[in-house]
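I have placed the structure first, in the form of structure tokens, so that the comments after it can refer back to it.
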Amino acid sequence: MDVKKLSFQVVNMLQEIFLFLVATVSIISGFDPDQEMLDVPDEETRARDYLQYLDTEFSKWATKTSLAEWEYASNITDENLKNKLAVSVEAAKFSKMQWMETIKYPWTTYKDPDIRRQFKKHSVLGTAALDADKYQKLDELVSEMSSIYSKAKICDFKNPNKCDLSLEPELVEILRTSRDPEELKHVWVEWRKVSGEQARGMFEHYVALSNEAATLNSSADPADSTLDYESPDFREQLTRLWSQIEPLYLQIHAYVRRKLREAYGESIVSQRGPIPAHLLGNMWSQTWNNILDISMPYPEKEAVDVTPQMVKQGYTPLKMFKLAEEFFTSLNLSAMPDMFWERSILEKPEGRELVCHASAWDFYDGKDFRIKQCTRINMDDLFTAHHEMGHIQYFLQYKHQPIAYKEGANP
């Protein structure tokens with residue numbers, strides 16, 4: 001007899017006996033092995049369900065913390081600060097609890113790139129990695145520094161008895177329009193005395209806690225979180241881009257320095273030294289458009305400034321934002337929802353301190369989006385209105401995305 005044929009027959013017989021036994025047990029117990037296999041979700045399905053849970057819960061907490069932060073930023077009071085800190089601490093506790101659950105998932109082995117990407121984002125705890133007391137201290141430091149920044153006031157250079165000049169709108173306007181180097185220096189120095197100097201110790205403590213949080217997140221540098229653009233050579237890209245633009249920047253710097261020296265004299269602006277920061281028309285020297293009357297390459301060409309026309313035509317902050325909305329809808333983008341117009345702060349309210357620095361807000365419920373801006377009637381703030389509404393456009397376009405993908409879209 002063929003041994004191979006006999007072996008095959010024996011194996012066949014054993015398989016038939018096994019299937020008969022399985023069928024008998026299934027009939028007696030009601031067990032359906034095929035159905036049971038269908039009912040058991042695979043690992044990635046469970047992971048996807050977990051991400052859905054995270055999205056729902058984190059969205060609730062994001063809404064709650066954003067509302068508390070808005071209340072404080074739009075009305076700086078001890079009561080609002082206390083509520084903001086309390087909500088933030090509770091949100092951090094939830095984040096840490098969910099993080100401990102998240103890292104149990106073997107997400108790096110998943111085939112679905114979207115699941116891997118969301119898990120990667122959720123697996124970084126951030127400052128919530130600190131213990132409860134240190135996290136609360138970090139939050140308090142940020143709030144205190146924000147309060148100092150927002151409440152800082154200085155005395156008028158021309159009227160030393162008038163000591164109620166805030167960063168916005170008064171100091172910003174002086175830096176934009178004054179051409180008196182002593183007045184500009186006064187504004188630049190005095191504001192830093194009542195803001196930066198007051199917050200210096202707090203900032204040093206903040207840096208120490210941020211470094212500790214970075215270490216707990218297995219990072220040597222807190223800047224890593226701000227440079228996380230999912231590109232392994234992002235720092236190298238920045239270095240390469242800077243090397244490409246540096247020659248042009250040096251030429252522009254030298255040109256503007258020469259124009260300022262011609263305007264103010266060599267005793268104030270040297271031929272080879274740095275440009276005095278207070279002469280550049282901006283508290284942080286980050287934009288130089290406010291000194292175009294000095295630096296315009298072709299002074300015989302009239303600079304474009306629509307501010308006089310805005311004033312003449314009776315523009316209001318609301319009208320400026322309506323114009324910005326018209327621009328975006330002309331591109332077939334979204335109009336602002338009714339709630340935006342009802343809840344935004346578009347001009348500085350009387351009788352309370354607030355963070356006047358323009359900002360756009362997403363409240364993570366798919367409905368509530370706001371801007372807070374102490375708008376002045378000038379071209380610069382018209383640009384800012386368009387800029388902030390640009391953020392809102394992003395919020396509107398990805399409101400249906402998971403919360404892991406609702407971070408700022410500005411690379």
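The values are calculated or read from the model by the stated rules, or taken from the named source; none is laboratory data. Only a predicted model underlies this, so the values are computations on that prediction, with no experimental measurement involved. Counting neighbours? That spans all protein chains shown, and the Cβs are built from the backbone with ideal geometry, glycine included.
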Item to check | Count - residues of the range 158-179 that are without any contact (Cβ under 8 Å) to a residue 12 or more places away in the chain and not polar (S, T, N, Q) | outcome: 5
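Which count do you get for residues in the range 111-132 that are farther than 19 Å from D55 by Cα and not β-branched (V, I, T)? Break it down into steps so the answer makes sense when it comes.
Here is the first cut: in the range 111-132, the residues farther than 19 Å from D55 by Cα are 111, 127, 129-132.
If we keep only those that are not β-branched (V, I, T) as well, we get 111, 129-132.
Qualifying residue count for the region: 5.
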Item to check | Residue match in the range 205-217 (condition: of a type in the set (D, E), in contact (Cβ under 8 Å) with a residue 12 or more places away in the chain and surrounded by 11 or more Cβ atoms within 10 Å (Cβ to Cβ)) | outcome: yes
Item to check | For H387: the one exception among (1) modelled with pLDDT of 95 or more; (2) touching a strand residue (DSSP E or B) at 6+ places or on another chain (Cβ under 9 Å); (3) within 26 Å of W61 (Cα to Cα); (4) surrounded by fewer than 21 Cβ atoms within 10 Å (Cβ to Cβ) | outcome: (3)
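The rows are residues; the columns are (1) polar (S, T, N, Q); (2) under 17 Å from the mean Cα position of the chain (by Cα).
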{"residue": "T375", "(1), (2)": "yes, no"}
{"residue": "D380", "(1), (2)": "no, no"}
{"residue": "F383", "(1), (2)": "no, no"}
{"residue": "I403", "(1), (2)": "no, yes"}
{"residue": "K406", "(1), (2)": "no, yes"}
{"residue": "A409", "(1), (2)": "no, yes"}
Next on the checklist: Can you confirm whether S243 is in a helix (DSSP H, G or I), in contact with a Leu (Cβ under 9 Å, 6 or more places away or on another chain) and among the hydroxyl-bearing types (S, T, Y)?
Outcome noted: no
Next on the checklist: Of all residues being within 15 Å of I403 (Cα to Cα) and over 18 Å from the mean Cα position of the chain (by Cα) in the range 119-133, which is surrounded by the most Cβ atoms within 10 Å (Cβ to Cβ)? Just the residue, please.
Outcome noted: F119
Item to check | Residues satisfying the stated conditions in the range 345-372, i.e. under 20 Å from L81 (Cα atoms) and hydroxyl-bearing (S, T, Y) | outcome: S359
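Consider G281 carefully, then state whether it is in a loop (DSSP other than H, G, I, E, B) and over 26 Å from Y255 (Cα atoms).
Working: in a loop (DSSP other than H, G, I, E, B): yes; over 26 Å from Y255 (Cα atoms): no.
No.
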Checklist entry - Taking the range 397-411, which residues are part of a helix (DSSP H, G or I) and in contact with a Leu (Cβ under 9 Å, 6 or more places away or on another chain)? => result Q397, I403, A404
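Taking D221, is it within 30 Å of E350 (Cβ to Cβ) and surrounded by fewer than 17 Cβ atoms within 10 Å (Cβ to Cβ)? Show your work before the answer.
Values: within 30 Å of E350 (Cβ to Cβ): no; surrounded by fewer than 17 Cβ atoms within 10 Å (Cβ to Cβ): yes.
So D221 does not fit the description; no.
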